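A.B. asks: Dropping the structure in here first, questions after.
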Amino acid sequence: MGGDRGKAEKKSSRTRICATLIPIVLACCIIGSTGENVEMSRPLQQLPAVDEDIHVTNEESGGLLPTTLEPYHYKVWLQPYFTESKDGSKFLDLDGKVDIYFNCIEDTRNITVHHEYMTILKYELYDISGEVDKLLQTESNTTITGWDWYIITSMGSLQAGVNYRLYMEYVGTVNHLDNFGFYMGTYTEDAIVKTFVASQFEAIAARRAFPCFDEPAYKATFDTALVYRPEYVALSNTYSILNDTYYDPNTDEVWSVTYFGTTVKMSTYLNAYTVGDWACVQSTTRNGIDLRIWCQPSLLYQAEYALNVGMVQLSNFEDLWNIPYPMAKMDMSALPVFSSGAMENWGLVFYRENYLLYSIEAGHTPDRRKDVAQVIAHELIHQWFGNLVTMEWWSHLWLNEGFATYFEYVGTHWVEPGFEMFEQFFQTEAQYGTFQSDQQGDSHPLIMDVAPNDANSMFNAMTYLKGGCIIKLMDGFVGVDLMFEGFRNYLNQFSYDNAVSDDLWAALTQTIELDMGGNMKDIFGYNMKELMDPWTLQMGFPVVNLTRTSTTAIQADQGHFLIDPNDVVEDEEYGNLGYVWHVPLTFTHKTEQLFTNPNMEWLHLTSAVLTLDGATDNDWYIANINQTALIRVNYDVDNWGKLTQQLLVDYKALPVRNRAHLINDALVLGQAQQLDHVVSMEIIQYLYNEIEYMPWQAYEDEQYYTKYMLWRTSTYGLLQNYISNLVSPNYASLGWNFDYTEDIDYFRRLDTLRIACDYNHADCVANATNQYAAWMADPDNNKIEINMRSTVYCTAIRHGGENEWNFAYNRQRIDPEEQNRLRSAMGCTQLNYLLTGYMEEALTGDEFGARITIGFVRDNSALGFSLAWTFTVDNFVALNTIYGDSAFDIAWTFANQMNTNKDLLELNAFGNVYSDMPVEAANDFNEAVKRVETNILWMERNEDQIRVFLESL
Ligand SMILES: [Zn+2]
């Protein structure tokens, strides 16, 4: 809040502006085969041949490099032509030279390295064990394209224990297609079109810049030289040690060349370079690390926030681990074009501009400030978890990304406590994150085998979000301090090395044993690996069902939670360990209310009985206190009722995280038909008094199933009035005045207004309509709050007429920033002919794309849903012509909202018309039919109960 900003501003007064590199001339690293130690005149050495099948790779390796050689140092020389050479002969070429120093582990004649999108012009192999390097004779080379392998075969065998050097010259490519490898980006600054180059190597793209052993376990040190036009700035992982010029006789040009200092020992994917028109602000952390924020010069005024955040987080992480950040500097650079959100390259972290640059003067909203603080924390913690200790193989990527997710919250809390990060962890990462995919029958485990060329597939929500939740789960039962001690142990044991998940479990077990003074398995019955494997090696998570069997006894059973009652799990495919878990279940009851130090009982792969000491019959009980375990919790109906009463009488008796937990669980368990859905409608009744963000957010995230089931029924009017009334006190107190210095209140206001307008709160509708009218009157001056625009447009168009719709139609053609929001909002109109015309135009004109337009109409109102279905059926031949077989997906998506026998008849009739559909579409059709049948059952079970409840209010 105000105080925090004041603090940040004070610190920034130490900021210095640096427009160029600071050259520290120490030494020069020579790159190339003509280095002084090379003795060229000696005859080529003949080594004894070994019995080896040289050109056949072992299919069983699955594309993993042979383990016969181990690189320990690289010298890399890169000259990227991201502008044309003066003589016009070179553009988008990458001239490169590399020396790879390696040790032979096992006798072999093959040297296998990765390379991609390059032509190897020349290679030379040297024995460097003596005083002078000896050139060795090579026999042949082979390329294995599918695995990006380049295999050089020597005449004789390389000897175990001897060091060698492979020198290569090549022409690669400055990538301008997918922004991976060494790529070129184009952007406009002050109306001038500019270009830059930068690298993005994770997971498997370092091989596009230089031939290398491109697997994370092959750690080495790197010396890099970059050649570029003098008007640019060049950056890499380390400080430059020499800036020089270089005359290229081929193009008759004088270039700048910067030699960078030797890196620490690290994986290939952490190398980084950029050359461009960059400027920076810089400061020095309290632990003496130079921190610089780089970006386009015109955006430099937005860089100070990142500098302030980085200063705090980098030093705090060093202090937390008691392991110094090992580089002299940390550069964080905002790139106008970048494929990922950000990348943790050691010493040179890259970000998309919106994840590094923030300034209230630029009109940036608090959600951007939160993103920036969070993403910087994510990248800085990677300097330890990822860079210092790296997963041995991509299967264990969660050891990088799960930790990064968890420490985003820790790091953001240090600089922005007003965002209440810890309150939001479970809702964001578990309930609305992990659970969304992990509650499906076709989810997958956190740790799974992955082939080398599929490494990128591991960068999925499971790795990041469930990985973070696994750490949260541990902090709940190990305790934060002891868990961090275990992490220190793990970091110290595997520094500059690689680890697998079992190494983490072993380090934690050691630490816990030291603390408890004995063998964990003997004392506790399980070690950390045994406790954690069910969470990481099989998909899914449990629902814990609690039933009161006497005044003081609760039966606790666990089951695999699946959102769809029809889901069938194909066991083998998804790492079945019986779908049971070790659940540390915390709980308390009304009389004791132990929320800071609750009771805990373990469900070890089975059930348990909980004892409610001192409870009376009238007491409620509650579990998973403060949301630490990765579980859903279901209670007996009587207890749901007691909790609801408590919330209505005095909601503050329960912690805010548990209030959000109850709302989310009730809505989702109702959807999954494991609880009467009316329970969720009853429990949210207390929201009328709730002023905290998280419980409302829990409702906002999970409201859609209820809405879609009811909005074509007469009950929907009652639901609309109910929600509109619940939100009205917050609506009255928060209003429409957005203040960008706010923290969590900014998000509260957004949630409140969105819910109010969506459920027809009269003042919200009037306000939205007026704001839209003001924009229509002055189209070049859109004053609507940026994060409210979708809601305001939709509300004004839903309650407006042809004028509002036509304005959106015309405006979206000329206003690219608002185009998507306006197109979606055009699906909100309640004028039949406009909706149908909108879809017809999309089908014939093809300006918008029929598929997406049908979606906008389908999901924005009950009327739209019905019209969109009719339109899809009537025009399926045309849709099929445009989209081929995937047109069937458009039809099946309607099943999510279909919930009547008439719907089912229509869906089946449609399926019968196209009974010759391809097998995949037919499978999806069967799934869609099951979905509708499930929805019909939900309606039969729930609609009347919900209506009776809403009528009783
Ligand atoms: Zn990451």
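Readers should treat all values here as calculations from the given coordinates under stated rules, not as data from a laboratory. Bear in mind that the values here come from a model prediction, so they are computed numbers and not experimental data. Cβ: placed from backbone, ideal geometry, glycine included. Neighbour counts: every protein chain shown.
A.B. asks: Before anything else, pin down the relative contact order of the stretch 656-759: Cα pairs under 8 Å, at least 6 apart, normalised by residue count, whole percent. Before the final figure, lay out the partial values.
C.D. replies: Numbers: 97 pairs, mean separation 28.4, N = 104.
Once normalised by length, the contact order is 27 percent.
A.B. asks: Same structure, new question: For the stretch 298-324 and the stretch 510-564, compute the distance between their C-alpha centroids and round to whole Å.
C.D. replies: Going from one Cα centre to the other spans 38 Å.
A.B. asks: Could you give the dipole magnitude of the chain about its Cα centre, charging the beta-carbon of Lys and Arg +1 and that of Asp and Glu -1, in debye to the nearest 20? It would help to have the intermediate numbers written out before the result.
C.D. replies: Numbers: 59 positive and 128 negative charges, 459 e Å.
Once rounded to the nearest 20, the dipole reads 2200 debye.
A.B. asks: How much net charge surrounds I100 when only other residues with a Cβ under 15 Å from its Cβ are counted (Lys, Arg +1; Asp, Glu -1)?
C.D. replies: Result for the neighbourhood of I100: -2.
A.B. asks: Enumerate the amide H contacts of Y273 below 5 Å, restricted to partners 5 or more residues apart or on another chain; note that Pro and chain-start residues carry no placed amide H.
C.D. replies: S199
A.B. asks: Please report how far the C-alpha centroid of the stretch 147-208 lies from that of the stretch 873-918, rounded to the nearest whole angstrom.
C.D. replies: The stretch 147-208 and the stretch 873-918 have Cα centres spaced 47 Å from each other.
A.B. asks: Could you tell me which chymotrypsin sites (Phe, Trp or Tyr not before Pro) in the stretch 66-137 are loop residues by DSSP with no more than 15 other beta carbons within 10 angstrom of their beta carbon? Write down the numbers at each step before the final one.
C.D. replies: Details: sites: Y72, Y74, W77, Y81, F82, F91, Y101, F102, Y117, Y123, Y126; in loops: Y81, F82, F91, Y117.
Within the stretch 66-137, the qualifying chymotrypsin sites (Phe, Trp or Tyr not before Pro) (loop, at most 15 other Cβ atoms within 10 Å) are F91.
A.B. asks: Grab the other residues whose beta carbon is less than 11 angstrom from that of N624, score K and R as +1, D and E as -1, and report the net. Intermediate results must be reported in sequence, preceding the final value.
C.D. replies: Working: positive: R632, R657; negative: D665.
Neighbour charge sum, excluding N624 itself: +1.
A.B. asks: Regarding the stretch 573-704, what whole-number volume in Å³ per residue does the convex hull of its Cα atoms give?
C.D. replies: Details: hull volume 16.5 nm³, N = 132.
Expressed per residue, the convex hull around the Cα atoms of the stretch 573-704 is 125 Å³.
A.B. asks: With a cut-off of at most 15 other beta carbons within 10 Å, and DSSP calling the residue loop, which GluC sites (Glu not before Pro) in the stretch 792-870 qualify? Please list them.
C.D. replies: Details: sites: E802, E804, E817, E818, E840, E841, E847; in loops: E817, E818, E847.
Loop-located and lightly packed - E817, E847.
A.B. asks: Which of the trypsin sites (Lys or Arg not before Pro) across the stretch 238-338 are loop residues per DSSP, with 13 or fewer other Cβ within 10 Å? Before the final figure, lay out each step's value.
C.D. replies: Values: sites: K265, R286, R292, K329; in loops: K265, R286.
Of the trypsin sites (Lys or Arg not before Pro), the ones in loops of the stretch 238-338 whose Cβ has at most 13 other Cβ atoms within 10 Å are R286.
A.B. asks: I would also like to ask the following. Run the paramagnetic zone check for D885: 7 angstrom along Cα to Cβ, then residues of the stretch 917-931 with backbone nitrogen under 18 Å.
C.D. replies: Taking a point 7 Å out along Cα→Cβ of D885, the residues of the stretch 917-931 whose backbone N falls under 18 Å are 917-928.
A.B. asks: So for the stretch 463-601, Kirkwood radius off the Cα pairs, Stokes-Einstein at 25 °C and 0.890 mPa s: how many µm² s⁻¹?
C.D. replies: 142
A.B. asks: With θ set to phi - 60°, apply the Karplus curve 6.51 cos²θ - 1.76 cosθ + 1.60 along the stretch 195-200 and write out the HN-Hα couplings as whole Hz, x wherever there is a Gly or Pro.
C.D. replies: Coupling constants for the stretch 195-200: 10, 8, 10, 8, 10, 9 Hz.
A.B. asks: Another question, if that's okay. Show me, for the stretch 692-709, the HN-Hα J-couplings you get by feeding each phi into the Karplus relation (A = 6.51, B = -1.76, C = 1.60, θ = phi - 60°), rounded to Hz, glycine and proline as x.
C.D. replies: 7, 5, 4, x, 5, 5, 4, 5, 4, 5, 10, 7, 5, 4, 4, 4, 5, 5
A.B. asks: Is it possible to state the helix-based mean residue ellipticity at 222 nm for the chain, with each DSSP H run of 4+ residues giving -39500 (n - 2.57), the sum divided by total residues, to the nearest 500 deg cm²/dmol? What is it?
C.D. replies: On the way: 29 runs with 363 residues, N = 953.
Mean residue ellipticity, 222 nm, calculated: -12000 deg cm²/dmol.
A.B. asks: Extending each Cα 7 Å along its Cβ direction at N519 and I691, get the distance between those two points in nm, one decimal.
C.D. replies: Simple spin-label model gives 5.7 nm for this pair.
A.B. asks: Quick one: Karplus J couplings for the stretch 155-162, per residue in order, coefficients 6.51, -1.76, 1.60, θ = phi - 60°, nearest Hz, x for Gly and Pro?
C.D. replies: 5, x, 7, 6, 9, 4, x, 9
A.B. asks: If I model a spin label at I105 and D613 as a point 7 Å from the Cα along the Cα→Cβ vector, what separation in nanometres do I get?
C.D. replies: With each label point 7 Å from Cα toward Cβ, the separation is 5.4 nm.
A.B. asks: Under the rule of at least 5 residues apart or a separate chain, name every residue whose amide H is placed under 5 Å from the amide H of M330.
C.D. replies: D290, L291, R292
A.B. asks: Using alpha-carbon pairs under 8 Å, 6+ residues apart, how would you state the relative contact order of the chain in percent? Before the final figure, lay out the partial values.
C.D. replies: Numbers: 1820 pairs, mean separation 65.4, N = 953.
Relative contact order here is 7 percent.
A.B. asks: Could you give the size of the charge dipole of the stretch 656-759 about its Cα centre, using +1 on the Cβ of each K and R and -1 on the Cβ of each D and E, expressed in debye and rounded to the nearest 20? If you can, show how the numbers build up before the last one.
C.D. replies: Numbers: 7 positive and 14 negative charges, 63 e Å.
That gives a dipole near 300 debye.
A.B. asks: Using the crude model of +1 on Lys and Arg Cβ and -1 on Asp and Glu Cβ, and no other charge, please compute the dipole size for the stretch 484-601 relative to its Cα centre, in debye to 20. Display every interim value, and only then the final one.
C.D. replies: Working: 5 positive and 18 negative charges, 129 e Å.
Value, rounded to 20: 620 debye.
A.B. asks: Over the alpha carbons of the chain, what is the largest minus smallest coordinate on each principal axis, giving the biggest first in Å?
C.D. replies: 99, 72, 68
A.B. asks: Hey, can you grab everything whose amide H is under 5 Å from the amide H of T591? Only 5+ residues off in sequence or another chain; H modelled, so Pro and N-termini drop out.
C.D. replies: Here T616 satisfy the definition.
A.B. asks: Could you compute the net charge surrounding H799? Neighbours are other residues with a C-beta less than 14 Å from the C-beta of H799; K and R count +1, D and E count -1. Don't skip to the answer; put the middle values down first.
C.D. replies: Details: positive: R798; negative: D758, D763, E802, E804.
So the surrounding residues net to -3.
A.B. asks: Using the Cα atoms as the points, what is the convex hull volume per residue of the stretch 656-759 in Å³?
C.D. replies: Values: hull volume 9.4 nm³, N = 104.
Hull volume normalised by residue count: 90 Å³.
A.B. asks: Okay, moving on. Specify which residue in the list V929, Q897, I882 is farthest towards the positive end of the charge dipole of the stretch 878-935, using unit charges on the beta carbon of Lys, Arg (+1) and Asp, Glu (-1), about the Cα centre.
C.D. replies: Projecting each Cα onto the dipole axis, the largest value belongs to Q897.
A.B. asks: While we're on this one: Quick check on packing: order 486-492, 560-566 by the mean number of other C-beta atoms within 10 Å, highest mean leading.
C.D. replies: Going by the mean number of other Cβ atoms within 10 Å, highest first, we get 486-492, 560-566.
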